[in-house]
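Written below as structure tokens is the structure these notes are about.
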Amino acid sequence: MDNTAKTVIKVTVEINAPIEKVWELWATPADIMQWNNISDEWHTPKVENDVRIGGEFLFVMGLKNGSFNFNFTGVYTEVKVNESMAYTLDDGRKSTITFTAGNPVKITESFEPNDNDPIDMQRDFCKAVLNKFKAYAESKNDTN
């Protein structure tokens, strides 16, 4: 029996927008294609996202120049609208995202890293995506 605790990376960002708007922008494929990138050199040209327990997702992500891309795929294991979602990736790794209502809204993403890339690189990748989401969500916030 393996008693080794799995490493979990946790990244948090604060968004100045209402929780309902944050959830909508996080879950809608057309919006995900706009913010789910670490930099302007990256893009997410295809998104399928069935946000319900047992629902599947596919994010095709890569460099705009075509030199690298990958499919980010999995199944939702928990969905509580405006509160949290959890999923298991096709490779078995698990992730949980919590949405804490308030002013600002706080998003915390906790995920099991892959074994191929350095932990710091994976944390920085996630933080960059969350920062892109923050900028996108705040630009779409009608109450600013």
Original post:
How many Å² of accessible area per residue for the chain, probe 1.4 Å?
Top reply: 57 Å²
Original post:
Which value, in Å² rounded to 10, gives the accessible area of residue 127 with a 1.4 Å probe and all protein chains present?
Top reply: 70 Å²
Subject >> Identified option (computed semi-axes √(5λ) of the Cα gyration tensor in Å; candidates (i) 18, 17, 15; (ii) 23, 19, 15; (iii) 20, 19, 15) >> reply: (ii)
Original post:
Tell me which lysines have Cα within less than 23 Å of residue 6's Cα, excluding those fewer than 8 residues away on the same chain?
Top reply: 94, 127
Subject >> Estimated [θ] at 222 nm from DSSP helical runs (n ≥ 4, -39500 (n - 2.57)) normalised by residues in the chain, nearest 500 >> reply: -8500 deg cm²/dmol
**OP:** At 1.4 Å probe size, with no ligands or nucleic acids counted, give the accessible surface of residue 61 in Å², nearest ten.
**Re:** 10 Å²
Original post:
Within a Cβ distance under 14 Å of residue 130, other residues only, what is the Lys/Arg minus Asp/Glu net charge?
Top reply: +2
Subject >> For the range 90-115 and the range 9-88, distance of Cα centres in Å >> reply: 11 Å
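The values are calculated or read from the model by the stated rules, or taken from the named source; none is laboratory data. These figures come from a predicted structure and were not determined experimentally. Note: ideal-geometry Cβ built from the backbone for every residue, glycine included; neighbour counts use all protein chains shown. Ligands, DNA and RNA are stripped out before the accessible areas are found, and what is left, the full protein with its side chains, is counted by its heavy atoms. Shrake-Rupley method; radii C 1.70, N 1.55, O 1.52, S 1.80 Å.
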